[in-house]
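Engineer: Structure provided below as structure tokens; questions to follow.
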Amino acid sequence: MQTAIININSYIYGKVYFPAFSNRLKKLGLFMNTSWASPVPSGLQSIVWRYKWESTRNSKYKNELLSYNNGDCNALKVLADKISEIISQDHASMDIDFADQKSRLSTETGEEIHHHLELILKSSHADYNKKKIAFREGKNDIPSRQRGGQKGHKGFTRIAPSKVDKTIKVPSVKTCKKCGQELYQDEQKPINVTVIDLKFTKSGCKKIIYLNKSFKSYCESCRIYVVPDIFSKGSGSYVFGHGFRAWTVYQRISLRLSYRQIAQNSVEMFGEPIGLNSIN
């Protein structure tokens, strides 16, 4: 008989939402009335018991460890049985609700909210802006088409920040990477790049804007202009710093948000519009 290792959490995360603060086995086990012999069960404490048993060979720590593992196995079995029950009796149980259906156990206020939301969904459609009635004061009061983005895609124009938190003077490149010859700084060709970044603290994060200033360097042998590496990371005169990129990756990987939702959060939280291609 073959056995397979199955990650039970993969059947829960993003699919089943128990009334608990996390998907940890201890939290879900307590919700389903399972118990452990230890008043405060934890994986860290089990490591301590294992270490003490290996050091002293005291059967007390061995029994504590076995009891803890037995509690974990029991909680895991109860959780697996509950998931199987949800799968097999999804429409029969009254204490299970679905995201795409109206709540079965709803209060009078909840019923009213659902009713109004259904009316909004029935009235909304993709080409709503084209069919609604609008009044303009004059014939020439027609909004011009925005630049950027293909037809059907929302575009935006980034506005230069009025305030810069810190200005950094970046040294120009001294040596050509191709031929190794010494370069000379062309002060007639200054370059500026604004870095939009996030600074993380214990209580949250805030937007911070750097202005990197430097000059292009010219190689007479290769006949090319060379810029510092920081100015080649990105396009145009604006780039997103490491902190902003880390925040975007966290939104996508950990929170599993769509590109459009990440772009919306960027505007709402930091006032920074960002294109879907930039997020990708």
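The values are calculated or read from the model by the stated rules, or taken from the named source; none is laboratory data. The structure presented is a predicted model; accordingly, all values stated were derived computationally and were not measured. Cβ sites come from the backbone with ideal geometry, for glycine too, and all protein chains shown count toward neighbours. Heads up: the accessible areas ignore ligands, DNA and RNA and are worked out on the full protein's heavy atoms, side chains in. Shrake-Rupley method; radii C 1.70, N 1.55, O 1.52, S 1.80 Å.
Engineer: Going down the table (27/62; 82/122; 163/213), which pairs top 27 Å between alpha carbons?
Structural biologist: Those over the limit are 82/122.
Engineer: If you don't mind, another one. How much of the accessible area of the stretch 1-61, probe 1.4 Å, is carbon plus sulfur, in whole percent?
Structural biologist: The C+S portion of the solvent-accessible surface of the stretch 1-61 is 57 percent.
Engineer: Related question: Stick to the Cα atoms of the stretch 12-87, pair each with every other, and give me the Kirkwood hydrodynamic radius in Å at one decimal.
Structural biologist: For the stretch 12-87, inverting the mean 1/r across all distinct Cα pairs yields 13.6 Å.
Engineer: Per residue, what accessible area does the stretch 171-280 have, given a 1.4 Å probe and all protein chains present, in Å²?
Structural biologist: 65
Engineer: Send over a whole-number figure in Å² for the accessible area per residue of the stretch 1-57, probe 1.4 Å.
Structural biologist: On a per-residue basis, the stretch 1-57 sits at 82 Å².
Engineer: Counting only other residues whose beta carbon sits under 13 Å from that of residue 280, what net charge do I get with K and R as +1, D and E as -1?
Structural biologist: After counting each charged neighbour, the total is +3.
Engineer: Another one. Can you find, among 269, 228, 258, the residue sitting farthest towards the positive end of the charge dipole of the stretch 216-272, where Lys and Arg contribute +1 and Asp and Glu -1 at Cβ?
Structural biologist: So the residue furthest toward the plus end is 258.
Engineer: For a quick protection proxy, order the peptides 111-119, 31-39 by their average other-Cβ count within 10 Å, most packed first.
Structural biologist: 31-39, 111-119
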